[in-house]
1. Could you tell me how many of the residues in the range 300-313 are buried (at least 17 other Cβ atoms within 10 Å of the Cβ) and within 23 Å of D388 (Cα to Cα)?
2. With respect to I677, is the statement that it is in contact (Cβ under 8 Å) with a residue 40 or more places away in the chain, of a type in the set (A, V, I, L, M), in contact with a helix residue (DSSP H, G or I) (Cβ under 9 Å, 6 or more places away or on another chain) and under 25 Å from A652 (Cβ atoms) true?
3. Pick out the one residue from A579, A593, A620 that is at pLDDT below 95, hydrophobic (A, V, I, L, M, F, W, C) and either surrounded by 17 or more Cβ atoms within 10 Å (Cβ to Cβ) or in the same structural domain as V733 (by TED's automatic domain parsing) (or both).
4. Quick one: is E681 modelled with pLDDT of 95 or more and either in contact with a strand residue (DSSP E or B) (Cβ under 6 Å, 6 or more places away or on another chain) or not assigned by TED's automatic domain parsing to the domain that holds D347 (or both)?
5. When you scan the range 659-670, how many residues do you find that are within 17 Å of L541 (Cβ to Cβ) and either more than 36 Å from the chain's Cα centre (by Cα) or at pLDDT below 95 (or both)?
6. Determine if the range 497-513 includes at least one residue that is surrounded by fewer than 19 Cβ atoms within 10 Å (Cβ to Cβ) and out of contact with any Leu (no Cβ under 8 Å at 6 or more places or on another chain).
7. In the range 272-290, which residues are surrounded by fewer than 16 Cβ atoms within 10 Å (Cβ to Cβ) and among the aliphatic types (A, V, I, L, M)?
Amino acid sequence: MSTALESARRVSARIEGVVQGVGFRPYVYKLASGLGLGGFILNDERGVLIEVEGGPAAVDRFLERLPAEAPPLARIERVATEPVELRGERSFVIAASRGEGTPAVQISPDMATCDDCLVELGDPGDRRYRYPFTNCTNCGPRFTIVAGIPYDRPLTTMAGFEMCPACRAEYEDPTDRRFHAQPNACPECGPSVRLLDASGAELAGAAGEGPGDGDAVARTAQALLDGQIVAIKGIGGYHLACRADEEDVVAGLRGRKRREEKPFALMTRDLTSAAALVELTGPERQLLSGPQRPIVIARRRPEAIVAPSVAPGNPDLGVMLPYSPLHELLLADCGVDLVMTSGNAGDEPIAFDDGEALALLGEIADRFCVHDRPIHTRTDDSVVRALDPGVRAEPLIIRRSRGWVPDSLPMPVEPRAPVLACGAELKSTFCLARGDRAWVSHHIGDLKNFETLTSFRQGVEHFERLLQLEPGIVAHDMHPDYLSTAYALERDGVEQIAVQHHHAHLAAVLAEHGESGRAVGAIYDGSGYGPDRTVWGGELLVGDLGGYERAGLLFPVRLPGGDAAVREPWRMACAWLAAAFDGAPGRPPEPLAGAVDPGSWEAIGSLCRTGFASPLTTSAGRLFDAVAALCGIRAEVSYEGQAAIELEAIAALAPPVDPAAAYPMPLLDEQPGPMVIDARETIRAILDDLERGVGPELVSARFHAGFAAATVEAALRAAERNGLDAVALSGGVFQNRLLLEAVASGLTGRGLRPLIPLQLPAGDGCISYGQAAVASVQSLTSPSVESVPR
């Protein structure tokens, strides 16, 4: 015995990352047992703790295979090993979880139904045939049902469902793929679906009705086929659904929801049906079928059988595949593509509570497909676009939510105390940071009403409970009127740090890429509060996480009427014409003649001349709006970014633009002082082309090419003057794929490194992470400071 012990070795392994609720313990159990090792594995507040004992060669083989063969949903970020004292154990066990100390464990995001569960779902001989809540450790809800950690059933919304003997046996069997699958259930013991009318009364099915007698899912599908609008409770909240191929049905949903033109998302059964709707590249196919199952924006096929009201005036469609068994069954039963849009009214957050849904959506939906598994955290669908693989293989994330949250991100500088960063106003997120990790929240929405602010507060409270994190530092935007700023200033007993909006954009990209030094930042968006109290939005910055300086800006023009100019792009056309010609023309140019009242045009021209109620802005977003209006594309908008989106879309209809044909956009570069990207000459050239009858498609393509070229040249000069080689691209304008790819390719061609957001949106969804990074650095140097130019 002593000889055997002397030749044995025992090692402790601390595993951190996404390793709970993803089948990691049974995987380790099988691996260790197969190698003849003794020891144990357990979950605790930091992740997973393993001790293995046996022959040195077997222990080495275990440690080598451990990260390489991990389950598909596991993500190992750190493995720390150390030798420990021998115990003489010959068998390997899964020990009880421990929940002591400060949690640092990472909860897995919600993931789409795996292939094994889909087989069971469609097998008439399986006990989970057509069961809408089939899941295992490789798939199913996670973040939306968890209330605390360790991630065990009593701390999820499945706590109220007692497992039947068959499910309990699976749950307790380390060799079963449902071992410790916390949402594990079956028709005998788990949640169930009901179909309700708009008053909340249950609609019972009658026997003999065909597939799935008395099956609420089958009856929901029939209601959809009959042209009804159905509120469907999914994983993270309610969708409003209807068939996508009948114009009167889709238009009816638009009218009831009061959503004039913003595109609806579509859900289609599989890749084959998706390919009938949109032109799919290889990357887009991978995104659609990946475990996150986001909405993928792709180019619509001309022959796609889709009602015009699904995406009016937009050549793209947002398409996703089913990601829950309930969705799989509905799409299979319907046999048609479905509109699947957020279950809300106006700009409110999506409904996720049953009573709330009936109250808010009762005047929109004819039927309610509900279930009794509570949702703990409402979570929207994520939205992505694929980029040209030559620019980058990873997608451009437009909205980061289901499927990605609550994955953590690295915090390049550990803050002096835990940080809460409150984000901006539009596309709101918050961020919590501790040590070397940061957790960016799910998409909250636009913080412009009480309902969304309430959702924001609830989200912060939940994350703080989940992480057992009490912030000592609270970061916020410099804008004094944001609700997120007001919330931050309400927090007592904390150090407060104000972070300039565009510096937060720059910092978010640098932190994601692990860049510790300075870089150039091209930050283009709609608006951000500048330290000079003007409206910034077309900025060339040079800086790092600790500070920045303004190296360049877009030529400033008036923002006539303030926020009204965002809703009415023709105002920005007037402002840019006034700047380009030293005074706006007395009447609207021809493309706007029928859309703008001459008296209103004259009044806005007066505001531009006097500056009354018209602050200066360098906003790139408003320049895109102006060009769209001048082209006659959009005089007014019904949703944020509409004019720029449609301007980008028509550019794809033009032939490729030779660099020599791009519109001029010179740099005013008188040192010292920042460069000025001067678009006045661009506006004059656009107006000249339009008057000569050049089509808006070519005008848009030339504008994109000119703006991209000017950005590359300005960034190159800033980089050369500061001895830098990296350029961060951020801000909502860089969600424009045409612009982003042109700028990134141009920078690469000039020997620079373009840094494109990785796991966060280029828009304001990244602001909270950038604020956390800035606050982490500044908290170590000077307390209670603002992120201002240095």
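The values are calculated or read from the model by the stated rules, or taken from the named source; none is laboratory data. Note that the structure is a prediction, hence the values are computed from the model and not measured. Here the Cβ positions follow ideal geometry from the backbone for every residue, glycine too, while neighbour counts run over all protein chains shown.
1. Summing the residues that are buried (at least 17 other Cβ atoms within 10 Å of the Cβ) and within 23 Å of D388 (Cα to Cα) in the range 300-313 gives 1.
2. Numbers: in contact (Cβ under 8 Å) with a residue 40 or more places away in the chain: yes; of a type in the set (A, V, I, L, M): yes; in contact with a helix residue (DSSP H, G or I) (Cβ under 9 Å, 6 or more places away or on another chain): yes; under 25 Å from A652 (Cβ atoms): yes.
Yes, satisfied.
3. Numbers: A579 fails: at pLDDT below 95; A620 fails: at pLDDT below 95.
Being at pLDDT below 95, hydrophobic (A, V, I, L, M, F, W, C) and either surrounded by 17 or more Cβ atoms within 10 Å (Cβ to Cβ) or in the same structural domain as V733 (by TED's automatic domain parsing) (or both) holds for just one of A579, A593, A620, which is A593.
4. Working: modelled with pLDDT of 95 or more: yes; either in contact with a strand residue (DSSP E or B) (Cβ under 6 Å, 6 or more places away or on another chain) or not assigned by TED's automatic domain parsing to the domain that holds D347 (or both): yes.
Against the criterion (modelled with pLDDT of 95 or more and either in contact with a strand residue (DSSP E or B) (Cβ under 6 Å, 6 or more places away or on another chain) or not assigned by TED's automatic domain parsing to the domain that holds D347 (or both)), E681 qualifies.
5. To start, the set of residues in the range 659-670 that are within 17 Å of L541 (Cβ to Cβ) comprises 667, 669.
Now drop any that are not either more than 36 Å from the chain's Cα centre (by Cα) or at pLDDT below 95 (or both), which leaves 669.
Summing the residues that are within 17 Å of L541 (Cβ to Cβ) and either more than 36 Å from the chain's Cα centre (by Cα) or at pLDDT below 95 (or both) in the range 659-670 gives 1.
6. So in the range 497-513, the residues surrounded by fewer than 19 Cβ atoms within 10 Å (Cβ to Cβ) come out as 513.
This time we only want the ones that are out of contact with any Leu (no Cβ under 8 Å at 6 or more places or on another chain), so: none.
So far as the range 497-513 goes, no, none of its residues is surrounded by fewer than 19 Cβ atoms within 10 Å (Cβ to Cβ) and out of contact with any Leu (no Cβ under 8 Å at 6 or more places or on another chain).
7. The one that is surrounded by fewer than 16 Cβ atoms within 10 Å (Cβ to Cβ) and among the aliphatic types (A, V, I, L, M): A276.
This table checks each residue for (1) modelled with pLDDT under 95; (2) assigned by TED's automatic domain parsing to the domain that holds F456.
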position: D337; (1), (2): no, no
position: P349; (1), (2): yes, no
position: I375; (1), (2): no, no
position: P395; (1), (2): yes, no
position: P412; (1), (2): yes, yes
position: C422; (1), (2): no, yes
